[in-house]
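Shown next, in structure tokens, is the structure this report addresses.
The values are calculated or read from the model by the stated rules, or taken from the named source; none is laboratory data. What you see is a predicted model, and the numbers here were worked out from it, not measured in a lab. Reconstructed Cβ throughout: ideal geometry from the backbone, glycine too, with neighbour counts over all protein chains shown.
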2 protein chains.
Amino acid sequence: MNNFVFHCPTEFVFGKQTENQIGELCNKHKARRIMIVYGGGSIIKTGLLKRVKDSLDNEDIETCELSGIQPNPIDTKVREGIVLARSFKPDLLLAIGGGSVIDTTKAIAVGYYYGGDFWDFYAGITKPEKALPVGVILTIPAAGSESSGNSVITNTTTHVKVGIRQPMLLRPVFAIMNPELTMTLPEWQTASGISDMMAHIFERYLSNTPDVEIGDRLAEGMLLAIMEVAPRVIKNPNDYEARANIMWCGTIAHNDTCSLGRQEDWNSHAMEHEISAEYDVTHGAGLSVIFPAFMQYAAQSNPNKIAQLAHRVLGVADTGDAKADALEGVKKLKNWYHDVLHLPVSFKELGIPNPDIELMNTRLHKLKGDILKGYVELNKDDTFKIYQLAL
Amino acid sequence: MNNFVFHCPTEFVFGKQTENQIGELCNKHKARRIMIVYGGGSIIKTGLLKRVKDSLDNEDIETCELSGIQPNPIDTKVREGIVLARSFKPDLLLAIGGGSVIDTTKAIAVGYYYGGDFWDFYAGITKPEKALPVGVILTIPAAGSESSGNSVITNTTTHVKVGIRQPMLLRPVFAIMNPELTMTLPEWQTASGISDMMAHIFERYLSNTPDVEIGDRLAEGMLLAIMEVAPRVIKNPNDYEARANIMWCGTIAHNDTCSLGRQEDWNSHAMEHEISAEYDVTHGAGLSVIFPAFMQYAAQSNPNKIAQLAHRVLGVADTGDAKADALEGVKKLKNWYHDVLHLPVSFKELGIPNPDIELMNTRLHKLKGDILKGYVELNKDDTFKIYQLAL
């Protein structure tokens, strides 16, 4: 186990009707001026925005709004938000939505104090030193951004989709999580969210760091819980209890609970980012396509951890042949994505029968370098073959 | 799943040589005057105290010391600490040790600002509203006090051993955790610590709240990890990796990671507190005596959760007969405590062949009321029988 620092000071307020505590929570954090960031009209239609503003009004908190954040959030919207924030001068940014809204809000939070263009942080030119505090009302369990220090933004000029990881600066100060708010999500979005959180766990789990038994067991526990309740959520979107389990899993899948003290492998996420940056597909659906392909490829040279996953989570009997068991596990995972979550497991099913693999692969390595390090080392040829396996 | 609030802002600095960061960490928390609290001479002998003071000296931080905290920590020492603190006026209390030292430090932290006697909080007469910040350098993984909001103190006049739970006030601001520091622990203390952390998990796991799949799976994961690495630690006290896994398990076993949204059952802990308050036994050893007896008794009327534990953690095959499986699980757990941890599983083995059950039972119900609510309801007769089962 490697040395680590774990600091997740986010206050989680979880359960029914908790959004009504927003005024009280902002007060506790001494926030008197709040900029609300959200996506489309759904939170207006459901009355959520009104309830939130009523609660803030009760505490005499002033607000302004930035709406229209789209899935796979973009740089231009961040800049719009920074301009608005600099004019309104909020002391807290409140994201109402899922990963795209929260990630945009975090980008505004760091951009607010920076003299140059915020993209400098995402391009790795410099690191943020200060950020406005971010609060969250979560409506889509998926990205785990409500308690992570991460933010992923797409550059509309260069088509680069890239993230920053600043756990000391960007973990939200609070996250209100009411599973009732997720009941109106369409099946496709629910399923993609589940795929996203599973990927966050896999990316921590697939590690060569030895002796991380506690992290492995926690990761397996999360996956077992997700795979147990997911069919209930898909069958009955109004199953509060199943929604609650999924929602909490999405948070701890990404707040480092199961990743401490180990090397991680985020190459599949990077490979997917190229797909969604080019074809604007839902991130979780891109992941259900790329992950089995990545595992199938990695199992050839480094099967052990994938075999362990197969044995402990995917119900594969231990035959003593790690590679065979790992491949059997990948098959089962693929079927599960397909049969239970009704998600695509190939480019074809994703609606992209002829993806431009050459283009995505070139962009991937331009961004990440010639060799992607991780559970297995991947050069240009390896990642090309993984994209091909996903056809 | 019930509504919950989870807020664990403790910063964990985990790994080799991390104690050398203490000066830096105190600086970060703007602490210029620190009162160090510790137990006996072991941290002097090992040089730990000197290293800590050197690191603090380097940052020009002033210190005073309160030593001599004993296992099953007592009220009189807390009062001594409050007097010292009021004279020294520290801006942070630094506990170096295990649960007893940390719990004493927390009691001083709340007593410092209170006009009356600190015991008022433990007697339930009033609640603390303010506390000095507490930092920790952990040397004994067991109590989980390094990230919990709990503190347990024994009243030397009344023999009452009782805890307070103030997660918003008493979670330490940071915890330095170097597994190397635990290598000098004798087997007995290591084993008792493991028993304590397992009890913390059982007490959250044994719940009638339905649909807490994620909490169950995390709890089972922690137990599986503990039971996997414990034999390594017992066999080779210098196994850093196994020590590291155990140390982190002890923390998350008690910081509510696996208990969110459910009713818990702390009756076994309360029953053990009567044993250690009267006979001054090691807490974890008292728990390995009382827990199997409690589970054996509870399995008669409410076997399901214990059977689930047996199936998923203790390697008992599912025969379809929950009660039989639960009892088989308890038998296996008892054998494991005995054979792997070399801990007592009866009063006799604990060196108390004729415990005064009547006395302990009377004190228990005087403190907790006629009926102990939880996974099963226990009246005076029930708890008497559980003590008897442990003979």
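Does B:Gln70 satisfy being within 14 Å of chain A (Cβ to nearest Cβ) and surrounded by fewer than 20 Cβ atoms within 10 Å (Cβ to Cβ)?
no
From B:His311, B:His342, B:His254, which residue is within 23 Å of B:Gly374 (Cβ to Cβ) and either among the aromatic types (Phe, Trp, Tyr) or in contact (Cβ under 8 Å) with a residue 40 or more places away in the chain (or both)?
B:His254
For every residue, the table says whether it meets (1) crowded, with 18+ Cβ neighbours inside 10 Å; (2) modelled with pLDDT of 95 or more; (3) touching a strand residue (DSSP E or B) at 6+ places or on another chain (Cβ under 6 Å); (4) at negative phi.
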residue: A:Tyr337; (1), (2), (3), (4): yes, yes, no, yes
residue: A:Val340; (1), (2), (3), (4): no, yes, no, yes
residue: A:Pro344; (1), (2), (3), (4): yes, yes, no, yes
residue: A:Leu350; (1), (2), (3), (4): yes, yes, no, yes
residue: A:Asp356; (1), (2), (3), (4): no, yes, no, yes
residue: A:Lys368; (1), (2), (3), (4): yes, no, no, yes
residue: A:Lys373; (1), (2), (3), (4): no, yes, no, yes
residue: A:Tyr387; (1), (2), (3), (4): yes, yes, no, yes
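Here is a list: B:Cys258, B:Cys249. Which entry is over 21 Å from B:Thr383 (Cβ atoms), in the same structural domain as B:Val229 (by TED's automatic domain parsing), crowded, with 24+ Cβ neighbours inside 10 Å and at pLDDT below 95?
Every option except B:Cys258 fails the conditions.
Quickly run through segment B:191-223 and pick out the residues that are aliphatic (A, V, I, L, M) and assigned to a helix (DSSP H, G or I).
Passing the criteria: B:Ala191, B:Ile194, B:Met197, B:Met198, B:Ala199, B:Ile201, B:Ile214, B:Leu218, B:Ala219, B:Met222, B:Leu223.
Farther than 21 Å from A:Arg262 by Cα and within 7 Å of chain A (Cβ to nearest Cβ): which single residue out of B:Glu264, B:Glu272, B:Glu213 fits that description?
B:Glu213
Which of the residues spanning segment A:216-245 are touching a Pro at 6+ places or on another chain (Cβ under 9 Å) and either on the phi > 0 side of the Ramachandran plot or more than 12 Å from chain B (Cβ to nearest Cβ) (or both)?
A:Pro237, the sole residue that qualifies.
Identify, by number, the condition in (1) part of a strand (DSSP E or B); (2) charged (D, E, K, R); (3) under 17 Å from A:Pro172 (Cα atoms) that A:Glu65 doesn't meet.
(3)
Tell me whether segment A:246-253 contains one or more residues that are part of a helix (DSSP H, G or I), within 14 Å of chain B (Cβ to nearest Cβ) and not hydrophobic (A, V, I, L, M, F, W, C).
There is at least one residue in segment A:246-253 that is part of a helix (DSSP H, G or I), within 14 Å of chain B (Cβ to nearest Cβ) and not hydrophobic (A, V, I, L, M, F, W, C).
If I filter segment B:1-24 down to residues being within 10 Å of chain A (Cβ to nearest Cβ) and in a helix (DSSP H, G or I), which single residue comes out as surrounded by the fewest Cβ atoms within 10 Å (Cβ to Cβ)?
Looking at residues that are within 10 Å of chain A (Cβ to nearest Cβ) and in a helix (DSSP H, G or I), I get B:Gln21.
Would you please name the residue that is nearest to A:Leu170 (Cα to Cα), looking only at residues in segment A:68-111 that are touching a Gly at 6+ places or on another chain (Cβ under 9 Å) and charged (D, E, K, R)?
A:Lys106
Please find, within segment B:315-368, the residue that is farthest from B:His269 (Cα to Cα) out of those that are of a type in the set (Gly, Ala, Ser) and more than 21 Å from the chain's Cα centre (by Cα).
Top of the filtered list is B:Gly320.
Inside segment A:71-187, counting only strands (runs of 3 or more DSSP E) that do not spill past its ends, which hold 2 or more residues that are outside the structural domain of A:Thr362 (by TED's automatic domain parsing), closer than 15 Å to A:Thr10 by Cβ and over 16 Å from the mean Cα position of the chain (by Cα)?
A:92-97, A:134-138, A:174-177
Can you tell me which residue within segment A:108-148, out of those that are without any contact (Cβ under 8 Å) to a residue 60 or more places away in the chain and closer than 15 Å to A:Gly39 by Cβ, is surrounded by the fewest Cβ atoms within 10 Å (Cβ to Cβ)?
If we take residues in segment A:108-148 being without any contact (Cβ under 8 Å) to a residue 60 or more places away in the chain and closer than 15 Å to A:Gly39 by Cβ, then A:Ile140 is surrounded by the fewest Cβ atoms within 10 Å (Cβ to Cβ).
Give the residues of segment A:291-308 that are in contact with a helix residue (DSSP H, G or I) (Cβ under 8 Å, 6 or more places away or on another chain) and of a type in the set (Gly, Ala, Ser), sorted by residue number.
Result: A:Ala293, A:Ala298, A:Ala299, A:Ala307.
Failed condition for A:Phe202, given (1) within 14 Å of chain B (Cβ to nearest Cβ); (2) closer than 23 Å to B:Asp216 by Cβ; (3) crowded, with 20+ Cβ neighbours inside 10 Å; (4) of a type in the set (Phe, Trp, Tyr), with all others met?
So A:Phe202 meets the others, but not (1).
Taking the condition of being of a type in the set (Val, Ile, Thr) and crowded, with 23+ Cβ neighbours inside 10 Å, how many residues in segment A:207-243 meet it?
4
Out of all the residues in segment B:161-198, which are in contact with an Asp or Glu (Cβ under 9 Å, 6 or more places away or on another chain), more than 28 Å from A:Met168 (Cβ to Cβ) and either among the aromatic types (Phe, Trp, Tyr) or surrounded by fewer than 24 Cβ atoms within 10 Å (Cβ to Cβ) (or both)?
Answer for segment B:161-198, where residues must be in contact with an Asp or Glu (Cβ under 9 Å, 6 or more places away or on another chain), more than 28 Å from A:Met168 (Cβ to Cβ) and either among the aromatic types (Phe, Trp, Tyr) or surrounded by fewer than 24 Cβ atoms within 10 Å (Cβ to Cβ) (or both): B:Gly163, B:Met183.
How many residues, within segment A:2-58, are within 30 Å of A:Glu213 (Cβ to Cβ) and either basic (Lys, Arg) or over 23 Å from the mean Cα position of the chain (by Cα) (or both)?
The total comes to 2.
Residues of segment B:296-344 being among the hydroxyl-bearing types (Ser, Thr, Tyr) and assigned to a helix (DSSP H, G or I), which ones?
Answer for segment B:296-344, where residues must be among the hydroxyl-bearing types (Ser, Thr, Tyr) and assigned to a helix (DSSP H, G or I): B:Tyr297, B:Ser301, B:Tyr337.
Does any residue in segment B:360-373 that is free of Cβ contacts under 8 Å to residues at least 12 places away in the same chain come within less than 6 Å, Cβ to Cβ, of a residue that is charged (D, E, K, R) six or more places away or on a different chain, and which pairs are these?
B:Ile371/B:Glu377
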